[in-house]
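The values are calculated or read from the model by the stated rules, or taken from the named source; none is laboratory data. Computed from a predicted structure; not experimentally measured. Please note: Cβ atoms are built from the backbone with ideal geometry, for glycine as well, and neighbour counts cover all protein chains shown. For accessibility, only protein heavy atoms count, side chains too; no ligands or nucleic acids. Shrake-Rupley method; radii C 1.70, N 1.55, O 1.52, S 1.80 Å.
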Amino acid sequence: MQIEKKITGLVILLVLIFLLPGCSSSQKPADLAVEPVPVERQQNDSIAKRFQEPASEGPTVVESAMKLSGEYARLTREAALLRRQNEDFIAKNRQLNEQVVSLDAQLQQAQKELAEANSLLIEMRVELNNWKTDILGFRNEMRNAETAQLETLLRILKVLGGQVTSESARAENTASVGSAVASLNKPDRP
């Protein structure tokens, strides 16, 4: 707003400067008694023409000043717009930089937690494999122990007076341990 006021004041000042000399030259000088020599008159005419403005060859000084002041106002508005955009971009850049810093901290924390989780998972996998090896290694031992228990139960039945045939022994081997134990828990009734 102030720039436009300055430009308007400048244009008015320029118009006044150009109009003041024109007003003083409109008065006619007093007639002189001596008439000039015609040769001098030709020189005076050429000198006078030198200082006169050419007739409408181009825009006048006032028109040029108006045109330049208009262009200056337009460029000033564009410069103000570009400054605002630059400030907006700087603010946005600052905001994005802050966001990058916070996201970088989160990323580092997540990577740290991921590394811990991976090491825990590897440790658990090793323990699971060890457990599997231990359990699968004892499978045959557990079968042998169950077979020994069944054989012992059959001997106990024989001692108590039960009759065991080879077919019944095979059936007893395939029967569950629970049925054999249940038969042993029954008291003998005479």
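Residues satisfying the criterion are absent from the stretch 97-120 (criterion: in contact with a Ser or Thr (Cβ under 9 Å, 6 or more places away or on another chain), among the small types (Gly, Ala, Ser) and open to solvent by less than 90 Å² (accessible area, probe 1.4 Å)). Against the criterion of being open to solvent by less than 100 Å² (accessible area, probe 1.4 Å) and under 30 Å from Ile7 (Cα atoms), Gln85 qualifies.
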